[in-house]
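Novice: What follows is a structure written as structure tokens; I'll ask about it next.
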Amino acid sequence: MTANTHHHATPSGKPRARSFGIPFDGTPGPYNAITDVAGVTVGYTTLISGDGPLVVGKGPVRTGVTAILPRPRNDLMTPVFAGLFSQNGNGELTGSHLIEELGAFNFPITITNTHSCGVTRDATLRWMQRIQPHALESAFALPVSGETYDGFLNDINGHHVGFDHVETALDTATGGPIEEGSVGGGTGMITFGFKAGCGTASRLVPWQDATFTVGAFVQSNFGARHNLAIRGVRAGADLAEPAIQDNTPRMEKSSIIAIIATDAPLLPHQMKRLAKRVPLGVALTGGFGYNSSGDIFLAFTTANAQAAGGISGAMIEARYVPDVDINPFFDAVVQTVEEAILNALTASEDMAGRDGNFVPSLPKAWLRKSFSE
């Protein structure tokens, strides 16, 4: 497959935003994905079963888990410099206090539904014990796990995500092109009243004589239909239909988790600065951080591995791009987050779930008419 094909379709053939002629700023990497950052891999477990009335503990099930490995399996004990930003804290990202304290974390990231966040965190510890048996003998670990709410389509109180599902996502994490839409932790998610879920994008950032990569991954589950904007086109008014079919009371429980990865040599305070630019990409699509929305963003860099790991009693040196030159990396964050959200929308299809609740996909005919013709 050519890079152009990767930019236009997922590995299973789902359409990405660029396939509809939607224009974007910046230059994407070969896969236009967070996996363009060398060493970063992504894995999914998707759980879809049952139809009809909700029976707690039995279904219908529309959920899953996403695993993001910031380093190759054998290097997961080596921390990555990181920073985070909570635009609106109506959500959870475990391990966040340690990241604020140290500016770093290690082990994989998992993202799932709100009531399975603890399961994925604990399962990550069990998985690490299995693949690196000595890793936790004399150390503690606080894995990163994020969540968004999928209870409109999923039997969220049935707790269908188990340890084995998490371990499968971790075991199958790969680089290269990755799936988007209703997969993994994004299986039951909704954005602007349309079916959404997982999305990703990347940008190449030249600096001096090097070219660095910035990649974004989102679990997208936010936004009011009337606010939807696509590359400056206020689409909400044109897309009042098709509407969600709601057979149970639907409270607004919306959130977005975004993970930013880069191979650029940046320090922890600079990673926090990148995380703070994620809301600008969200806003370009019409997301305004409403009351119930958990808008939590984490950025990490795979560079400076020796400095991030540290050695007791040794002086450590780290390279970094100076703050006065950081603006192109801010651009890349905003651009990748915007495109990742739109990829999550375009790669998703209609979905019915618990109690027959129905969420339509973003109308593809409207996209083609608006951007391709």
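The values are calculated or read from the model by the stated rules, or taken from the named source; none is laboratory data. Bear in mind the structure is a predicted one, so any value in this text is a computation, not a measurement. Here Cβ is always computed from backbone atoms with ideal geometry, including for glycine, and neighbour counts include all displayed protein chains.
Novice: Given the criteria over 26 Å from residue 222 (Cα atoms), in a strand (DSSP E or B) and either touching a residue at least 24 places away in the same chain (Cβ under 8 Å) or among the β-branched types (Val, Ile, Thr) (or both), does residue 107 qualify?
Specialist: no
Novice: Can you give me the ranges of the strands (runs of 3 or more DSSP E) entirely in segment 138-239 with at least 2 residues that are at negative phi and surrounded by fewer than 18 Cβ atoms within 10 Å (Cβ to Cβ)?
Specialist: Strands (runs of 3 or more DSSP E) meeting the threshold: 198-207, 210-221.
Novice: A further question follows. Report, by residue number, each residue of segment 276-311 that is among the polar types (S, T, N, Q), closer than 22 Å to residue 105 by Cβ and in contact with a strand residue (DSSP E or B) (Cβ under 7 Å, 6 or more places away or on another chain).
Specialist: If the condition is that a residue be among the polar types (S, T, N, Q), closer than 22 Å to residue 105 by Cβ and in contact with a strand residue (DSSP E or B) (Cβ under 7 Å, 6 or more places away or on another chain), then 301, 302, 304 are the ones that fit.
Novice: Out of contact with any helix residue (DSSP H, G or I) (no Cβ under 9 Å at 6 or more places or on another chain) and among the hydroxyl-bearing types (Ser, Thr, Tyr): does that describe residue 254?
Specialist: So residue 254 fits the description; yes.
Novice: Does segment 26-35 contain any residue that is farther than 25 Å from residue 329 by Cα and of a type in the set (Ser, Thr, Tyr)?
Specialist: No, because not a single residue in segment 26-35 is farther than 25 Å from residue 329 by Cα and of a type in the set (Ser, Thr, Tyr).
Novice: In segment 297-311, which residue that is among the polar types (S, T, N, Q) and outside any loop (DSSP other than H, G, I, E, B) is surrounded by the most Cβ atoms within 10 Å (Cβ to Cβ)?
Specialist: If we take residues in segment 297-311 being among the polar types (S, T, N, Q) and outside any loop (DSSP other than H, G, I, E, B), then 301 is surrounded by the most Cβ atoms within 10 Å (Cβ to Cβ).
Novice: Given the criteria of a type outside the set (Phe, Trp, Tyr) and either in contact with a helix residue (DSSP H, G or I) (Cβ under 9 Å, 6 or more places away or on another chain) or surrounded by fewer than 19 Cβ atoms within 10 Å (Cβ to Cβ) (or both), does residue 359 qualify?
Specialist: Criteria not met by residue 359.
Novice: Considering 242, 279, 265, which residue is in contact (Cβ under 8 Å) with a residue 60 or more places away in the chain and surrounded by 19 or more Cβ atoms within 10 Å (Cβ to Cβ)?
Specialist: 279
Novice: Exactly one condition in (1) hydroxyl-bearing (Ser, Thr, Tyr); (2) surrounded by 16 or more Cβ atoms within 10 Å (Cβ to Cβ); (3) closer than 15 Å to residue 86 by Cβ is false for residue 285; which is it?
Specialist: Residue 285 satisfies all of (1) hydroxyl-bearing (Ser, Thr, Tyr); (2) surrounded by 16 or more Cβ atoms within 10 Å (Cβ to Cβ); (3) closer than 15 Å to residue 86 by Cβ except (3).
Novice: Would you mention how many residues in segment 312-356 are crowded, with 24+ Cβ neighbours inside 10 Å, basic (Lys, Arg) and not in a helix (DSSP H, G or I)?
Specialist: Number satisfying all stated conditions: 0.
Novice: Would you please name the residue that is nearest to the chain's Cα centre (by Cα), looking only at residues in segment 110-124 that are hydrophobic (A, V, I, L, M, F, W, C) and not in a strand (DSSP E or B)?
Specialist: The selected residue is 117.
Novice: Kindly state which strands (runs of 3 or more DSSP E) lie completely within segment 1-89 and contain at least 1 residues that are out of contact with any Leu (no Cβ under 7 Å at 6 or more places or on another chain), more than 19 Å from residue 104 (Cβ to Cβ) and modelled with pLDDT under 95.
Specialist: In segment 1-89, the matching strands (runs of 3 or more DSSP E) lie at 80-89.
Novice: Continuing with the same structure: Hey, among the residues in segment 101-125 that are polar (S, T, N, Q) and buried (at least 21 other Cβ atoms within 10 Å of the Cβ), which one's modelled with the lowest pLDDT?
Specialist: The extreme case among them is 106.
Novice: Sort out which residues of segment 257-281 are in contact with a helix residue (DSSP H, G or I) (Cβ under 6 Å, 6 or more places away or on another chain) and of a type in the set (Val, Ile, Thr), and write them in order of number.
Specialist: 260, 278
Novice: Let me ask you something else. Any residue in segment 211-226 that's within 18 Å of residue 284 (Cβ to Cβ) and free of Cβ contacts under 8 Å to residues at least 24 places away in the same chain: show its pairings with residues that are of a type in the set (D, E, K, R) and crowded, with 24+ Cβ neighbours inside 10 Å at Cβ separation under 9 Å, as long as the two are six or more apart or on different chains.
Specialist: Pairs found: none.
Novice: In the set 134, 97, which member is more than 18 Å from the chain's Cα centre (by Cα), assigned to a loop (DSSP other than H, G, I, E, B) and more than 23 Å from residue 158 (Cβ to Cβ)?
Specialist: Just one listed residue meets the conditions, 134.
Novice: Against the conditions (1) surrounded by fewer than 16 Cβ atoms within 10 Å (Cβ to Cβ); (2) assigned to a helix (DSSP H, G or I); (3) touching a Leu at 6+ places or on another chain (Cβ under 8 Å), where does residue 272 fall short? Just the number, please.
Specialist: Going through the list (1) surrounded by fewer than 16 Cβ atoms within 10 Å (Cβ to Cβ); (2) assigned to a helix (DSSP H, G or I); (3) touching a Leu at 6+ places or on another chain (Cβ under 8 Å), residue 272 breaks only (1).
Novice: Okay, next question. With respect to residue 254, determine if the residue is modelled with pLDDT under 95, within 28 Å of residue 65 (Cα to Cα), of a type outside the set (Lys, Arg) and surrounded by 24 or more Cβ atoms within 10 Å (Cβ to Cβ).
Specialist: yes
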